[in-house]
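Reviewing the structure listed below.
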Amino acid sequence: EAAVTQSPRNKVAVTGGKVTLSCNQTNNHNNMYWYRQDTGHGLRLIHYSYGAGSTEKGDIPDGYKASRPSQENFSLILELATPSQTSVYFCASGDAGTINQDTQYFGPGTRLLVL
Amino acid sequence: GDSVTQTEGLVTLTEGLPVMLNCTYQSTYSPFLFWYVQHLNEAPKLLLKSFTDNKRPEHQGFHATLHKSSSSFHLQKSSAQLSDSALYYCASTGANTGKLTFGHGTILRVHP
């Protein structure tokens, strides 16, 4: 099974502060994704990547940046955190063996509280 | 744009009764459909996904049939178990992007 890890697992930040969420996958998947999960909204895609050096905007990218420095690592950056960004964030990596049959493997999630 | 609709936010069942969770989608092409399951305090994981050749996918007693005529991919199980209690997401793929569009999710609660 794919191994996706996230750090930190829990984070408390102050409004206006910078937050970096990190994700690592050890399965050599090309695709990686960042989602946030909120009650009533389900999983919403923030940013994604097709490989090292690539980042793409998802459905709700405002207020977030992403960085993919290597095949294994994909970071989500909140330059100026706001209370509305309080959420659970999931990273996922994709097994795009056949395009459009992309099974995604999720990390354990990071709980972020912005005060 | 593409969208996935799960009409029920919460489904409560007695153990042993059949399960059906609804999922419909809107798309300008023929996407692949997925069901993901998330147990409490765990990560979402794939439960099953549609095939290209119209076979019915099955896993852990769950199955789903893709009906293109009605744009549906409902999740079914003949007999609910207590361990099936979880949050279930239906999702579809984007056109040649590998991106998934998720529905809002349905919480399934199975009680004795």
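The values are calculated or read from the model by the stated rules, or taken from the named source; none is laboratory data. These numbers were taken from a predicted model, which means no experiment stands behind them. Glycine gets a Cβ as well: all are built from the backbone with ideal geometry, and neighbour counts include every protein chain shown. Each accessible area value is taken on the protein alone, full model and side chains, heavy atoms only, with ligands, DNA and RNA left out. Shrake-Rupley method; radii C 1.70, N 1.55, O 1.52, S 1.80 Å.
Worth pointing out:
- Flag if A:ILE60 is within 19 Å of B:GLY105 (Cβ to Cβ) and more than 11 Å from the chain's Cα centre (by Cα): yes
- Wholly enclosed strands (runs of 3 or more DSSP E) of region A:7-115 bearing at least 1 residues of a type outside the set (A, V, I, L, M, F, W, C) and open to solvent by 50 Å² or more (accessible area, probe 1.4 Å): A:10-13, A:19-25, A:42-49, A:65-67, A:73-78, A:87-95, A:103-106, A:110-114
- Tally, over region B:63-112, of residues that are of a type in the set (S, T, N, Q), more than 10 Å from chain A (Cβ to nearest Cβ) and either within 14 Å of B:PHE34 (Cα to Cα) or loosely packed, with under 15 Cβ neighbours inside 10 Å (or both): 10
- Residue satisfying all of: in region B:7-42; modelled with pLDDT of 95 or more and at the interface with chain A (Cβ under 9 Å from one of its Cβ atoms); nearest to A:GLY58 (Cα to Cα) among these: B:TYR36
- So B:THR52, is it at pLDDT below 90, open to solvent by 40 Å² or more (accessible area, probe 1.4 Å), in a loop (DSSP other than H, G, I, E, B) and of a type in the set (Val, Ile, Thr): yes
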